[in-house]
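> To start, I am sharing the structure in question, which I have written as structure tokens.
Values in this text are rule-based calculations from the coordinates and carry no lab data. No experiment lies behind these values; they were computed from the predicted model shown. Reconstructed Cβ throughout: ideal geometry from the backbone, glycine too, with neighbour counts over all protein chains shown.
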Amino acid sequence: MPGTKSLPVIDLNLALSEDTKPKLVEDLRRALTEVGFFYVINPPIENFPQLINGVKEQAFKFFHDLPADEKDKIEMINSKHFLGYTRLGNEVTSNKVDIREQIDLATELPAPKIASHDEIWKNIEGPNLWPNQELLPDFRPTIENYLEKVYQFSQWFSELVREALQLPEGAFSKYFKPRQQCKMKLIKYPEYKDAESRLDLLPENEGVPLDETQGCGPHRDSDFLTYLFQATAHEALQVQDIYHSGEWITVPPIENSLVVNVGQTLEYLTKGVCHATIHRVITPRNGSGDRLSIPVFQTIDVNCYKSQLKDIPQELLDLRDKRDKEIKGEAIGYQFSVADDTSEDVRPVGWTVFQNRLKSHRNVAAKWYPKEYKDTMKQIGVFLA
Ligand SMILES: O=C(O)CCC(=O)C(=O)O
Ligand SMILES: [Fe+2]
């Protein structure tokens, strides 16, 4: 993001007229290639303000009204598909404990059929763990409706991305299958003073440092694109400006917007033309209350093999090279627990996604996939007994 201290705002109403669409496509090209992180306003989603309000209401009810023992019943440790509730202190990013709690949800799919042990990674897809329907009757329909609406929007938006990158028609279609799974989270970031007494570190996380300002540690998303709804007014999300010595730029919530960011999958497919930007979340200031945020992660078919796009215009590759020369080396000296997925991989995409889940949810990994967990941790220099 050379020279900017705030993120681009892309007005999707510009798609409505052929007169304004070229400006939209140009704005989007710059946002994807120069920044990798931007707001979209006026998404073509019916009743968008009501839709996000509905999901926010269910998130509030989930975190504040559902008794702790009901949350425990749907803990992720009970799901070999890495879906369900994660209590405070059970997640690790950039090798530090995140001070957040969340529920991971996804397009409802049956448990996969695993033909041989080599396919164990296919378990990243599967059924959700839903909260007790009698206590939260509107939760499941609201979430399913939200996922469906954002999924449809993501299909539309990917087409705009294709146009912005001047790629041929259908360039992305081989990466998506019908009923492509989308993932989402409802996340609560408590103030540290509220979190301190409830932090319930797992044996697997013992020895992992705790930083009371880390809501979520620096990382790049591993998906294609992320669509984030910041549901409270906190200014806690930050992106790293790697062109200016790594300073952190705050992403304040804008009403009725989604924050969109490039994940490592899109970065890889576009040979780095689109930029997967490093971001983090700071713990809410004392007195500001819980922060709620709701990302939807657009993923690609777990069975496909990562192959980079062939028809990327030379002009964009040149822009990428020019941009990358401006990166200040000292700014990217972070150790990421998220793998840097930039090598040609003989395993399908799903394998990398699976490994990322093993690193983030160590208790789930140790229970369901002890061997893969040990091997994956070894790759990042953590040797388990
Ligand atoms: O809570 C947020 O604003 C961002 C969360 C995030 O980056 C993530 O879960 O990948
Ligand atoms: Fe993220």
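> Give the residue from Phe82, Phe383, Thr142 lying farthest towards the positive end of the charge dipole for the chain; charges sit on Cβ (+1 for Lys and Arg, -1 for Asp and Glu) and the dipole is referred to the Cα centre.
After comparing all options, I get Phe383.
> Something else about it: Applying 1/(1 + (r/R0)^6) with R0 = 35 Å to the Cβ-Cβ distance of Ser17 and Asp65, what FRET efficiency is obtained, to the nearest 0.05?
0.20
> Two decimals is fine: what's Rg over Rh for the stretch 9-380, C-alpha atoms, Kirkwood radius as Rh?
Across the stretch 9-380, the Cα-based Rg/Rh ratio is 0.94.
> Counting Lys and Arg as +1 and Asp and Glu as -1, each charge on the Cβ, what is the dipole of the chain about the Cα centre in debye, to the nearest 20?
My answer is approximately 640 debye.
> Further question: For the stretch 207-296, which trypsin sites (Lys or Arg not before Pro) pass both filters: DSSP loop (anything but H, G, I, E, B) and at most 11 other C-beta atoms within 10 Å?
Listed in order of number, the matching sites amount to none.
> While we're on this one: Counting other C-beta atoms within 10 Å, and keeping those with at most 15, which DSSP coil GluC sites (Glu not before Pro) do you find in the stretch 14-99?
Here the sparse-neighbourhood loop sites are Glu18, Glu46.
> For His117 and Glu235, calculate 0.36 nm times their separation in residues minus their Cα-Cα distance, and state this gained length in nm to one decimal.
Here the segment from His117 to Glu235 would lengthen by 38.0 nm.
> Can you tell me the FRET efficiency between Gln152 and Asn47 if r is taken as the Cβ-Cβ distance and R0 is 22 Å, rounded to the nearest 0.05?
Plugging the Cβ-Cβ distance into 1/(1 + (r/R0)^6) gives 0.95.
> List the GluC sites (Glu not before Pro) in the stretch 130-210 that DSSP assigns to loop (not H, G, I, E or B) and whose Cβ has at most 15 other Cβ atoms within 10 Å. Which are they?
Sparse-neighbourhood loop GluC sites (Glu not before Pro): Glu134, Glu169, Glu206.
> If you don't mind, there's one more thing I want to ask. To the nearest 20 debye, what is the magnitude of the charge dipole of the stretch 30-114 about its Cα centre, counting +1 on the Cβ of each Lys and Arg and -1 on the Cβ of each Asp and Glu?
In debye, rounded to 20, the stretch 30-114 gives about 220.
> Among Ser116, Phe37, Ser173, flag the residue with its Cα farthest along the positive direction of the charge dipole of the stretch 9-380, charges on Cβ as +1 for Lys/Arg and -1 for Asp/Glu.
Ser116
> For the charge dipole of the stretch 9-380, defined by +1 on Lys and Arg C-beta atoms and -1 on Asp and Glu C-beta atoms about the Cα centroid, which residue among Phe354, Val161, Ile249 has the Cα displaced farthest towards the positive pole?
After comparing all options, I get Phe354.
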